[in-house]
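To start, the structure under review is shown below, and the notes come after it.
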Amino acid sequence: MDNDAFAAIMGIFVLIYGIILLIILAISIVIIIAKWILFERAGEPGWSTIVPIYNTLQLAKIATGEYHLGIVWLILMGINSLCNITSGICNLIAQNGDSSTAIFSIISLPLSLLVIAVALCAAVIGGYLSYMFTKSYGQSDTMCILSIFFSPIIFMIMALNKGTSYIGPQGHLRIWKKK
């Protein structure tokens with residue numbers, strides 16, 4: 001392959017990845033704007049949506065009235081990251097194959113199982129926070145369940161709907177009390 005053909009192929013790849021990057025950037029900006037609107041409707045600062053750890057804590061506060069679940073979720077995500085890194089390092093060392101690295105093979109399996117368990121716990125808490133966040137705006141159970149799997153889309157729908165207003169943390173309890 002000559003240099004011109006290689007340059008043309010690389011140019012196509014750069015163009016494709018550039019387009020994908022622009023699409024992801026546009027979607028991210030729309031999601032930030034939607035969360036900004038929803039946070040402000042809840043009386044929280046909209047700018048908190050762009051601060052990585054703080055936005056999770058604010059979402060938890062809006063959803064449940066407290067930061068606790070947000071803190072737990074962040075801790076689980078940190079543990080998951082550390083276990084993933086450690087498991088990967090153990091796997092790399094174990095691939096060496098000599099007897100001194102046998103312990104790393106033994107450590108690797110429990111770490112991998114811990115990663116799965118922590119990821120499942122984080123997914124459950126994340127889903128619950130998304131459900132409760134949506135419920136805090138008085139949305140139906142269907143919308144709340146959909147928000148577990150499609151939260152960016154549901155948050156955009158909620159932000160665009162002028163009738164969506166914040167009713168407070170654990171909104172489902174207040175709805176039940178009204179009936």
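Data overview
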read-out	value
Which listed residue is free of Cβ contacts under 8 Å to residues at least 12 places away in the same chain, crowded, with 16+ Cβ neighbours inside 10 Å and of a type in the set (S, T, N, Q), from Ser81, Ser87, Ser48	Ser48
Exclusive hit being of a type in the set (A, V, I, L, M), surrounded by 15 or more Cβ atoms within 10 Å (Cβ to Cβ) and closer than 20 Å to Gln58 by Cα, set Leu114, Leu76, Leu146	Leu76
So Ala60, is it among the hydrophobic types (A, V, I, L, M, F, W, C), in a helix (DSSP H, G or I) and at pLDDT 90 or above	yes
Residue satisfying all of: in region 135-165; among the aliphatic types (A, V, I, L, M) and in contact (Cβ under 8 Å) with a residue 40 or more places away in the chain; farthest from Arg41 (Cα to Cα) among these	Met156
Hits in region 21-56 - residues which are closer than 14 Å to Thr134 by Cα and part of a helix (DSSP H, G or I)	Ala34, Lys35, Ile37, Leu38, Phe39, Arg41
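The values are calculated or read from the model by the stated rules, or taken from the named source; none is laboratory data. Keep in mind it's a predicted model, so treat the numbers as computed, not measured. All Cβ positions, glycine included, derive from the backbone under ideal geometry; neighbour counts span all protein chains shown.
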